[in-house]
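S.K.: Pasting in a structure now, in structure tokens, and then I'll have a few things to ask.
Computed from the coordinates by the stated procedures, all read-outs in this text should not be read as laboratory data. In this text, all values refer to a predicted model and were calculated from it rather than measured experimentally. With ideal geometry, Cβ positions are generated from the backbone for all residues, glycine too; neighbour counts draw on all protein chains shown.
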């Protein structure tokens, strides 16, 4: 099903960093809505989704002329103190429509010319590789965080059938690393994975963030529980993976191949 796209002309783009993102001065979302529509996305339970009379994943608002507004806001914000930006907190900045619209790229161009103190880019899309040229201009003021919830494609298809394939994400991590862009692999939310998962990541990144629903959905797992995610685990007979202690299993595998300093759990992995 093709998502419905609407053009919006926002008056403001930078939001104050709060809650889980309180380590940042601001969050930045180039779009509202997300066509990946992952089953477990906590944004489904947030007002931006619940007040919309359409299913999450079926609509996307495109923020037109965003760069002009953003440039002014960024300048203003920088006069008030350090500016650290999390992009994005409630959408993927590299969902398919970005190929055409280039809203995210236009904002990165602004930042390449007038850098914030730090920019964290969170995505699950291989399209992020398109902007390597701009990331390199930001140097060590940027980190690209690629969501890799699992290394099992069958699991990915079960929980997020519209999201990009895992192999393409791993390949993108390799390309970013080869280019010299600071990166991390983010296992969030942690899904069932194979015993080889940690080993697969080892050759691609030197920094991993591990998070689950219980630590990372901002409500101790309640938002996710309301989505009925447990049923998706039950269908696969993998209920043991849907548990507050399940992350330890993946952590133990990671610690076999990464040092303790390279593994970040939950909020710490997303901080500037």
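S.K.: Considering the values (1) 17.8, 54; (2) 17.0, 51; (3) 18.9, 68, which represents Rg and Dmax of the Cα atoms in Å as calculated for the structure under consideration?
M.R.: Checked against the structure: label (1).
S.K.: As a test, work out the antiparallel percent of DSSP beta bridges whose residues both lie in the range 29-181, rounded to the nearest 5.
M.R.: 20 percent
S.K.: Roughly what angle does helix 247-257 make with the longest principal axis of the chain, taking Cα atoms, 0 to 90 degrees, to the nearest 10?
M.R.: Tilt of helix 247-257: around 80 degrees.
S.K.: Calculate, for residue 64 and residue 168, the FRET efficiency according to 1/(1 + (r/R0)^6) with r their C-beta to C-beta distance and R0 30 Å; round to the nearest 0.05.
M.R.: 0.60
S.K.: Is it possible to state the helix-based mean residue ellipticity at 222 nm for the chain, with each DSSP H run of 4+ residues giving -39500 (n - 2.57), the sum divided by total residues, to the nearest 500 deg cm²/dmol? What is it?
M.R.: It comes out at -9000 deg cm²/dmol, rounded to the nearest 500.
S.K.: Output the peptides 19-30, 251-262 sorted from most to least packed, where packing is the average of other Cβ atoms within 10 Å over each peptide's residues.
M.R.: Result, highest mean Cβ count within 10 Å first: 19-30, 251-262.
S.K.: To continue, here is another question. Once you have the Kirkwood Rh of the range 116-272 from its Cα pairs, apply Stokes-Einstein at 20 °C and 1.002 mPa s and quote D in µm²/s.
M.R.: Rounded to a whole number, D works out at 133 µm²/s.
S.K.: Can I ask one more? Can you tell me which of 202-211, 86-95, 121-130 comes out highest on packing, and rank the rest after it, using the mean Cβ neighbours within 10 Å?
M.R.: Put in order of decreasing packing, that is 86-95, 121-130, 202-211.
S.K.: Pick out which of 14, 175, 236 has the largest mean-square fluctuation in a Gaussian network model of the chain, springs linking Cα atoms closer than 10 Å.
M.R.: For the chain, modelled as a Gaussian network with Cα springs under 10 Å, the answer is 236.
S.K.: Cα axis of helix 166-179 to longest principal axis of the chain: angle in degrees, 0 to 90, nearest 10?
M.R.: For helix 166-179, the angle is close to 50 degrees.
S.K.: Report the normalised scattering of the range 6-127 as log10 I(q)/I(0) at q = 0.09, 0.10, 0.13, 0.17 Å⁻¹, calculated by the Debye formula with identical scatterers on the alpha carbons.
M.R.: Log10 I(q)/I(0), no solvent term: -0.23, -0.29, -0.49, -0.86.
S.K.: Please check which bits of the range 52-78 a label hung off residue 5 would reach, taking the label as a point 7 Å along Cα-to-C-beta and the cut-off as backbone N under 16 Å.
M.R.: Within reach of a label on residue 5: 57-66.
S.K.: Please arrange 140, 65 by counting, for each residue, the other beta carbons lying within 10 Å of its beta carbon, fewest first.
M.R.: In order of increasing Cβ crowding within 10 Å: 140, 65.
S.K.: Once fully extended, how much extra length lies between residue 175 and residue 140, figured as 0.36 nm per residue of separation less the alpha-carbon to alpha-carbon distance?
M.R.: 10.9 nm
S.K.: Percent antiparallel among DSSP beta bridges with both residues in the chain, to the nearest 5?
M.R.: Restricted to the chain, the bridges split so that about 15 percent are antiparallel.
S.K.: Just want the ordering: 68, 142, from fewest to most Cβ atoms lying within 10 Å of their own Cβ.
M.R.: 68, 142
S.K.: With a Cα-only, solvent-free Debye model of the range 74-201, what are the log10 I(q)/I(0) values at q = 0.10, 0.11, 0.12, 0.16 Å⁻¹?
M.R.: At q = 0.10, 0.11, 0.12, 0.16 Å⁻¹ the computed log10 ratios are -0.33, -0.40, -0.47, -0.80.
S.K.: A further question on this structure: Please determine, in degrees from 0 to 90 and to the nearest 10, the orientation of helix 66-78 with respect to the longest principal axis defined by the Cα atoms of the chain, where the helix direction is its Cα long axis.
M.R.: Orientation of helix 66-78: about 90 degrees from the principal axis.
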